Each structure stands twice: as C-alpha cells, then as structure tokens.
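Computed from the coordinates by the stated procedures, all read-outs in this text should not be read as laboratory data. Note that the structure is a prediction, hence the values are computed from the model and not measured. Don't worry about glycine lacking a Cβ; one is built from the backbone with ideal geometry, like all the others, and counts go over all protein chains shown.
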Amino acid sequence: MSIEQLESIAQAMVAPGKGIIAIDESNNTIKKRFEAVGLPNSEENRRAYREMLLTTPNLSDHISGAILYDETIRQSTRAGVPFTKLMLDNGILPGIKVDKGPMSLAGFPGELVTEGLDGLRERLAEYAKLGAKFAKWRAVITIGDDAPSATCIDANCHALARYASLCQEAGIVPMVEPEVLMDGDHDIEICYDVTEATLRSLFGAMYEHNIMLEGSILKASMVISGKGCEEQADIDEVAEATVRCLKASVPATVPGIVFLSGGQSDEQATAHLNAMNQMGPHPWPLSFSYGRAMQQAAMKLWAKDMRANFDDAQKTVAQRARENGLAALGQWHK
Ligand code: 13P
C-alpha cells in the first residue's frame, strides 16, 4: 500500500466532526466493565453487546472508525454478517488492538512496558486480510514518586515505533497511543512535563524508525490533574495545557490527534475536547477515540434489560457520538 493510501485512511479517521469509538477491551477488561453492571462475561454477551454498539442507526454520522479486539474482529451479527463487513458497508473503518497489554518492567518496580512485538508481522498480515485499516498499540506511563523513569518512557516509545513500522509495512495505519495515566495525586504541571517528555521520546523514536508520519494517527491522553490531586484544573486549563503540550512536541505532519477518555466522566471528556477546538485552528484536527466516555451510559442501560432497553442503549451511543462529533468542531453546548 502506498503512503497516499495510508494518508487517506488516516485523514478519513479524523474527518471533520467525526471520531473513533474504542470497543477493543480485552476479555479481562470487559470482564471488569461487565461485572460493574452485573453482566456475566460470556462470549455471547460480548458478541451481542458489540453488535448492539455497531448496529446503532446512523453511527457513521459522527463515527469514522471502531477499534476491535482479536475476538471481536472475527465475530458476526446474529444474522451472520461479519462485523468488519457491516462496518465497511456502513462507512466505518475497522481498527484492531494489536498489543498484548502492559507488563511489569523488570528493574523498575511499579512501571510498565507494553508487550506484543513477537509475531506481530504475521498477526498484522492476518488482520489486514480480515479488513483492518488501522491498528492501535497502547503504552502506559505511570506517574509516581520516582516515576516515570526515562528508561520506561524510552522502552515504551521504542516498542511503539517498532509496531508503527510493522503496521505501515502491512498497509495498516498505526494509531500510536502513549497513555499517561490519571491515577495519582500529582498536579497538572507534573502531567504536562511527563506528557511532553513522553511525546518527544515517541516522535524521536518514530523518526529513527523511518515512520511516515503522514500515515499515522496519535492517540493522546489529555494534560489533566491526577485523580487524587486536591486542586483540580478546570476545563479551560486542561484544554490550554493539552494544546500547548501537543504544539511543543507533535510534528504538524501528523494528520490527526485523537484523545482517550482515561477515566474522565462523559461530560468532562466532551467539554475538554470542545474547549480545545474552540481555541483553534490547530496544526492537526483534534478529535476523540473514547472507550468509556462513549459507552458507559449505554452499557448500563443494556445490562439492565438487553431486549427492552436495546433501542434506548443505541440512542445513548448515538447521542454520545453526536456530542463528541460537535466537540470535535468546537460546536458543543452543554
Ligand atoms: P478510554 O476512553 O476508556 O480511556 O479507552 C480508550 C482506549 O482505547 C484506551 O486504550
């Protein structure tokens, strides 16, 4: 696949007023989400839940793509239509989570490094055949007393660059995600410093690995106060600090930046994105790739009564997509 084709996929992912829905929870993560709403974590429940999300009427009005998990990309609707076919027919790009999750970084207690490079070339070739147009790899950076170490940041960014390179070789757009966690009592300035150091390391590694930035997407965490910090930065402070940090570290060649929600409430995630876009124009489109902030209300409804609440759960997904789509344009009103 040519760089022009990768570039056009990346641009479609961040088309004006559109963003991504992340439904790539591993079976362990969805177990936690299902448990919280009283649902058994069976394969059929996972399939039926993802079918409810993906068959939401007019989802593509504000959703350009959905990130799937290895099990999900092989699943079909009850009527037997593969999810990837349903998505492509509806103008939604299939994406796939390809990392194998964060593991303890030996020698650095409390820090994590994401694994999954072994066999990745072969897995990407299969995912491309199954219809995947983009792939996600999430690195996790933890803020703590002596963390993050430069070693942890660099090890994660090196892995991100190697994965991104393999994606482009396979004709798949890499969505590179270095998530700085909100956990901790650190203030927004510390989050700014850690995010800036991480993004600089990331783009240094991407450069060294010959990544064509035009054919990639950055999935970033916002610069925000730690969950346990007494003084919580307000919406404009988060928006201003996030944009300043991105401008200081992300090349303008990157076709788009999408954010994770990372534990923010639905409304916070939308308000922050909206405030950032109201401060534009920026060198890149800023949009969303939310998991929890797109799904949590719908999951609660669906879990209460899968049949009776099916339509209302889909309406909730559509509403979250519409609100975040407006926020991607800076046109959302509470
Ligand atoms: P959240 O929006 O729930 O943080 O999930 C997005 C995601 O894909 C994290 O990798």
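Remarks
- Residues (outside any helix (DSSP H, G or I), touching a residue at least 40 places away in the same chain (Cβ under 8 Å), in contact with a helix residue (DSSP H, G or I) (Cβ under 7 Å, 6 or more places away or on another chain) and not aromatic (F, W, Y)) located in segment 264-288: Q264, M279, L286
- Screening segment 1-17 for residues that are in contact with a Ser or Thr (Cβ under 9 Å, 6 or more places away or on another chain), among the hydrophobic types (A, V, I, L, M, F, W, C) and not in a helix (DSSP H, G or I) and picking the one that is surrounded by the most Cβ atoms within 10 Å (Cβ to Cβ) gives V14.
- Number of the exception - L86 against (1) surrounded by 13 or more Cβ atoms within 10 Å (Cβ to Cβ); (2) outside any helix (DSSP H, G or I); (3) more than 14 Å from the ligand (Cβ to nearest atom); (4) touching a residue at least 24 places away in the same chain (Cβ under 8 Å): (2)
- Among the residues listed as I30, I20, the single one being surrounded by 16 or more Cβ atoms within 10 Å (Cβ to Cβ), touching a Lys or Arg at 6+ places or on another chain (Cβ under 8 Å) and among the hydrophobic types (A, V, I, L, M, F, W, C): I30
- Scanning segment 298-317 for residues that are crowded, with 18+ Cβ neighbours inside 10 Å and aliphatic (A, V, I, L, M) yields A298, M299, L301, A303, A313, V317.
- Check on K219, surrounded by fewer than 17 Cβ atoms within 10 Å (Cβ to Cβ) and either in contact (Cβ under 8 Å) with a residue 12 or more places away in the chain or touching a helix residue (DSSP H, G or I) at 6+ places or on another chain (Cβ under 7 Å) (or both): no
- Segment 277-325 - residue that is away from the ligand (no atom under 16 Å from the Cβ) and among the small types (G, A, S) and, of those, farthest from G19 (Cα to Cα): A308
- Count of segment 318-331 residues which are among the basic types (K, R) and either more than 18 Å from the chain's Cα centre (by Cα) or surrounded by fewer than 22 Cβ atoms within 10 Å (Cβ to Cβ) (or both): 1
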